[in-house]
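Taking it in order: structure first as structure tokens, then the write-up.
Bear in mind that the values in this text are calculations on the coordinates, not laboratory data. Since we're looking at a predicted model, the values are computed, not measured. Using ideal geometry, Cβ is built from the backbone for each residue, glycine included, and neighbour counts are taken over all protein chains shown.
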Amino acid sequence: MTTSKSSNKKIVAAIVAMTDDRVVGKDGDIPWHLPEDQKRFAKLTKGNTVLMGRKTYESIPDKYRPLKQRKNVLVTRNSNWKSEEDVEVMVCSPVRAVEKLLSRENLPGDTIWVIGGEEIWRSTLPRLDMVYLTKVHLKAEGDCFMPAFEDDFKEIFREEHEEFTYINYKRGA
Ligand SMILES: NC(=O)c1ccc[n+]([C@@H]2O[C@H](COP(=O)([O-])OP(=O)(O)OC[C@H]3O[C@@H](n4cnc5c(N)ncnc54)[C@H](OP(=O)(O)O)[C@@H]3O)[C@@H](O)[C@H]2O)c1
């Protein structure tokens with residue numbers, strides 16, 4: 001008989017769109033628009049928890065935030081930060097936020113999705129089980145970049161499209 005404890009185990013996965021030069025953002029926004037990728041992002045993350053930095057949260061247009069049908073969690077150093085209803089604000093490091101979420105019994109879904117941005121991925125890298133990458137084949141100037149992670153992960157899925165490639169990675173050599 002399996003215990004409820006083992007079935008509560010969550011996967012911690014980053015979901016990232018980056019250019020071939022690792023750009024993920026510029027001036028608080030994402031410098032491309034790929035509706036197909038946005039649909040995939042919604043499909044994968046719905047029903048689960050999404051963890052993000054305060055800057056990424058603020059980059060989401062008002063009408064789309066909090067992200068629907070997901071538990072939204074935001075990290076900030078500002079204990080006075082006021083958020084919309086239905087957003088949990090954690091005043092702690094991103095990696096600590098992951099630990100706190102993993103210790104809970106009642107999170108929705110099977111995955112904690114770490115949805116950005118650069119600071120949050122950098123902090124949580126050692127805790128990630130998976131990375132769902134969209135490699136966008138364009139040149140873009142950026143001020144935020146995806147830190148290197150590939151050496152500690154192995155590729156388990158690849159799907160080529162004209163403008164981008166989906167690559168999923170799992171921790172392990
Ligand atoms: N291409 C993609 O897939 C993708 C996805 C998401 C975001 N983005 C882009 O990434 C950019 C934003 O990334 P970013 O790195 O600038 O910001 P971010 O990671 O979204 O948020 C950074 C904020 O998180 C909080 N934070 C970070 N470390 C913390 C710690 N140790 N303790 C407590 N709070 C902490 C701080 O909030 P306070 O300043 O409030 O203290 C910090 O300013 C934007 O351009 C966005 O469009 C791209």
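Key figures
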{"read-out": "Meets criteria (more than 26 Å from residue 33 (Cβ to Cβ) and among the aliphatic types (A, V, I, L, M)) for residue 90", "value": "yes"}
{"read-out": "Strands (runs of 3 or more DSSP E) wholly inside segment 78-173 containing at least 2 residues that are polar (S, T, N, Q)", "value": "164-171"}
{"read-out": "Close pairs from segment 7-33: first within 10 Å of residue 140 (Cα to Cα), partner among the small types (Gly, Ala, Ser) and surrounded by 21 or more Cβ atoms within 10 Å (Cβ to Cβ), Cβ under 8 Å, at least 6 apart", "value": "24/17; 24/116; 24/117; 25/116; 25/117; 30/17; 31/25; 32/17"}
{"read-out": "Residue within segment 54-66 that is over 28 Å from residue 158 (Cα atoms), of a type in the set (Ser, Thr, Tyr) and out of contact with any strand residue (DSSP E or B) (no Cβ under 8 Å at 6 or more places or on another chain) present", "value": "yes"}
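Table: residues versus (1) away from the ligand (no atom under 15 Å from the Cβ); (2) more than 16 Å from the chain's Cα centre (by Cα).
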residue	(1), (2)
85	yes, yes
92	no, yes
103	yes, yes
109	yes, no
121	no, no
131	no, no
144	no, no
162	yes, yes
